[in-house]
Amino acid sequence: MMNYIWVSIVILAIVLGGINGKIDNVTKSAIDAAAGAVTIAIGLIGIMALWLGIMKIAEDSGLMTLAARALTPILKKLFPDVPAGHPAMASMTMNIAGNMLGLGNAATALGLKAMEDLETLNQHPGIATNAMCTFLTINTAGLQLVPATVIGVLAAAGSKDPTVIIGATIAATFTALVAGIAAVKLLEKLPVFSIERGSRKEAA
């Protein structure tokens, strides 16, 4: 779907540029944007290497494990359908801790593993469980204590204080997390979204 949207935007820009006689401006803007993207990407290499190194140190030093332990009591309440000793709980805990510390690359693999583990508890394969929806909401909200990517982009763009975004990022992601969890917990109680109702529709 996203591919169709982007292609439509490009085609629309070209058509409107041609109609208004500004096709040269459209071409120049496209080339300038591509050149700017390369410049920013190269500038990000050093910044991202620094932050990923710091995050790797945090992981090896056990900070990730401490964060995971701190999250466990909270996750037990958010995921009552997942047994405490189930592999899904460990995968979700490590994924959320990784995202909070900016370890996006490592957290992605853990997130996929968590979904696979949650599927083993699914009595209705093919229909997302409450636990799956809750985990996806938490993962999408992406509470971040160290927004390494945003800091890197700001630094590459020449910001004088790229870390100023930290406070706003924490506030924004925390608000999104609270709103998302509230919404998913409210919706999962409605009969229209129950797994049993969904499975009956599938059978029909």
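The values are calculated or read from the model by the stated rules, or taken from the named source; none is laboratory data. Note that the coordinates shown come from a computational prediction; the quantities given were computed from them, not determined experimentally. Cβ placement follows ideal geometry from the backbone for every residue including glycine, while neighbour counts extend to all protein chains displayed. We work out accessible area using only protein heavy atoms, side chains counted, and drop any ligands, DNA or RNA first. Shrake-Rupley method; radii C 1.70, N 1.55, O 1.52, S 1.80 Å.
The figures follow:
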read-out: Of residues in segment 68-85 being under 18 Å from Val178 (Cα atoms) and in contact with a helix residue (DSSP H, G or I) (Cβ under 7 Å, 6 or more places away or on another chain), the one surrounded by the most Cβ atoms within 10 Å (Cβ to Cβ); value: Phe79
read-out: Enumeration of residues in segment 179-191 that are in a helix (DSSP H, G or I) and over 15 Å from the mean Cα position of the chain (by Cα); value: Ala179, Ala182, Ala183, Val184, Lys185, Leu186, Leu187, Pro191
read-out: Test: residue in segment 179-197 that is at pLDDT 85 or above, over 27 Å from Ala41 (Cα atoms) and touching a Leu at 6+ places or on another chain (Cβ under 6 Å); value: no
read-out: Unique residue being modelled with pLDDT under 85, outside any helix (DSSP H, G or I) and among the β-branched types (Val, Ile, Thr) when the list is Val146, Val164; value: Val146
read-out: Residues of segment 142-164 that turn out to be touching a residue at least 40 places away in the same chain (Cβ under 8 Å) and either surrounded by fewer than 17 Cβ atoms within 10 Å (Cβ to Cβ) or under 19 Å from the mean Cα position of the chain (by Cα) (or both), as a count; value: 12
read-out: The listed residue being open to solvent by 20 Å² or more (accessible area, probe 1.4 Å), part of a helix (DSSP H, G or I) and at pLDDT below 85, out of Asn95, Asn99; value: Asn99
read-out: Within segment 14-29, considering residues that are at pLDDT 80 or above and closer than 27 Å to Ala157 by Cα, the one surrounded by the fewest Cβ atoms within 10 Å (Cβ to Cβ); value: Asp24
read-out: Boolean, Thr169 is modelled with pLDDT under 80 and within 18 Å of Gly98 (Cα to Cα); value: no
read-out: Hits in segment 102-135 - residues which are exposed (fewer than 14 other Cβ atoms within 10 Å of the Cβ) and in contact with a helix residue (DSSP H, G or I) (Cβ under 6 Å, 6 or more places away or on another chain); value: His124
